[in-house]
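The values are calculated or read from the model by the stated rules, or taken from the named source; none is laboratory data. Quick caveat, the model's predicted, so the values are computed rather than measured. Every residue, glycine among them, receives a Cβ derived from its backbone with ideal geometry; neighbour counts consider all protein chains shown. Side chains included, ligands, DNA and RNA excluded: accessible areas come from the protein's heavy atoms. Shrake-Rupley method; radii C 1.70, N 1.55, O 1.52, S 1.80 Å.
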Amino acid sequence: MQFARDHPSVSIVGVGAGTTANGDSLDGALEFASRNETGPAGMTMLYDVSYRAWRTYGVTTQPWVVLFDANGEMIYSAPGRVDMSTVATALGV
């Protein structure tokens, strides 16, 4: 993920959730991670079968973007994709 490489001070975490019953799976998340250059030079990818992470942050669908500032305060949360320049501006990087 280019944004992560360009902004090493920013931690990017993707959270997949669910089960094959709802059309998601760990294999699907791994495939996504492979296609989207996650890993040491990209973002951390987590998988949450319980949906706990989603419920904690009010996420109800994919894709969804949640941003936190350096103090861990949520500063943005909305469904859909987001332009990376908007992310950079919101995070002040």
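Annotation: peptides 48-56, 72-80, 10-18, ranked by per-residue average of other Cβ atoms within 10 Å with the highest first, follow the order 10-18, 48-56, 72-80. To the nearest ten degrees, helix 26-35 and the longest principal axis of the Cα atoms of the chain are 40 degrees apart. Each Lys and Arg adds +1 at its Cβ and each Asp and Glu adds -1 at its Cβ; summed about the Cα centre, the chain shows a dipole of about 100 debye. Taking 30 Å as R0, compute the FRET efficiency from the Cβ-Cβ separation of Ile75 and Arg55 and round it to 0.05. About 0.95, to the nearest 0.05. Counting only protein heavy atoms and a 1.4 Å probe, the chain has 66 square angstrom of accessible area per residue. The Cα-based radius of gyration of the chain, divided by its Kirkwood radius, gives an Rg/Rh of 0.95.
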